[in-house]
1. Please return the longest range in the chain lying between exposed loop sites, taking GluC sites (Glu not before Pro), DSSP loop only, at most 14 other beta-carbon atoms within 10 Å, and leaving the sites out.
2. Evaluate the charge dipole of the chain about its Cα centre and quote only its size in Debye, nearest 20, assuming +1 on the Cβ of each Lys and Arg and -1 on the Cβ of each Asp and Glu.
3. Please calculate how many Å² of accessible area the chain carries per residue, with a 1.4 Å probe and no DNA, RNA or ligand atoms counted.
4. Identify the residues of the range 133-169 with backbone N under 14 Å of a label point that sits 7 angstrom from the Cα of M242 along the Cα-to-Cβ direction, or state none.
5. Starting from a Cα-only point model with no solvent, please compute log10 I(q)/I(0) by Debye for the range 84-207 at q = 0.14 1/Å.
6. Against the empirical 2.2 N^0.38 Å scaling, what ratio does the C-alpha Rg of the range 31-73 come to?
7. Please report, as a whole percent, how much of the solvent-accessible surface of the chain comes from carbon and sulfur atoms (probe radius 1.4 Å).
8. Quick one: compute the contact order of the range 24-329, relative version, from alpha carbon pairs under 8 angstrom and 6+ residues apart, as a percent.
Amino acid sequence: MYPIIRNRRLRQNAAIRSLVQETTLSVNDFIVPLFVVEGHQVREEILSMPGQFRLSLDELEREIKTLHALGLKAVLLFAKAENAKKDNKGTEAFNDNGLMQRAIKAVKYSCPEMLVFTDVALDPFSIYGHDGIVENGRVLNDETVEALCKMSVSHARAGADFVAPSDMMDGRVLKIRQALDQAQFEDVGILSYAAKYASAHYGPFRDALDSAPVAASNIPKDKKTYQMDPANRIEALKEALMDQDEGADILMVKPGLPYLDIVREVKDHVHLPVAVYQVSGEYAMIKAAAEKGWIDYEPVFMEQLLSFKRAGADLIATYFAKEAAALLRGPS
Ligand code: PBG
């Protein structure tokens, strides 16, 4: 009790503050999301995500080398499918020679040590922009899961280290685990988007991949029948525990900052590493405010990244990974 206890003793200089610091941020915490496109020498900036690019595979290889040199260890790949390749069943998603599959090989070719996580969901390949197959106004669960299994095995065959199902279909982790094992990919892991909310923060990402749900009759206008209600907390724990039981290796909560409470609760209830995804809308808000000169860019994003760790995240998928890695390394 004051005056014998004075909390400011432990804050009086940088040395003591660093000794008692509870949480630290390191380059080992980050997963770098990357967008790939067809073409050659394409490095196309995404309008709503300044500083983020759609990369052709040659540019991807260059980027991977830069990331590796910064000490980054893992990337999360998203492929932008050409319109002509889209259908309702997401067939292109499991084409062994598809863009994603070639991107996985390109990363492994340019830098074998770089861990490759791949997004597993049908939306970039769906004419309707849904994460699953649509029939009679509904997104089918079990039929979609079958497609996700084929997609996962195809990614594993191309060399993926972890598949990351982001679709929120029921039971997909178990089925994907079984499919991978049956194809003798026992060592390929599953990072499950266990608690993924039907959030309004994914807009810029959908611009990046041109993957927003289309407006048409008999097509669900949003993803609320599979992604979670932002109002729910207990349900996130249920999802996380089920995915843990089904054999997920890492669980993810998404989005990030608005869901720090969920990150903490999931971390307290599971026995797996927990990842958080600081999504496109979160990135865009920081970028926009910084462009206007309304916030101090670097301290703001570094504070948010640290907050994810404090909330219990072991890993952070973030579009700031490259800049954060450079800052953590210090001036060279
Ligand atoms: C697709 C997917 C989305 C994101 C990751 N995987 C979008 C969505 O569910 O509509 C969002 C990532 C971001 O906003 O940065 N299944």
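1. 187-332
2. 1100 debye
3. Value returned for the chain: 47 Å² of accessible area per residue.
4. 141-142, 145, 167-169
5. Calculated log10 I(q)/I(0) at the listed q: -0.58.
6. 1.13
7. Whole-percent figure for carbon plus sulfur exposure: 52.
8. The normalised contact order for the range 24-329 reaches 19 percent.
The values are calculated or read from the model by the stated rules, or taken from the named source; none is laboratory data. Not measured: the values here are computed from a predicted model. Note: ideal-geometry Cβ built from the backbone for every residue, glycine included; neighbour counts use all protein chains shown. Protein only, heavy atoms only, side chains kept; ligands, DNA and RNA dropped before computing areas. Shrake-Rupley method; radii C 1.70, N 1.55, O 1.52, S 1.80 Å.
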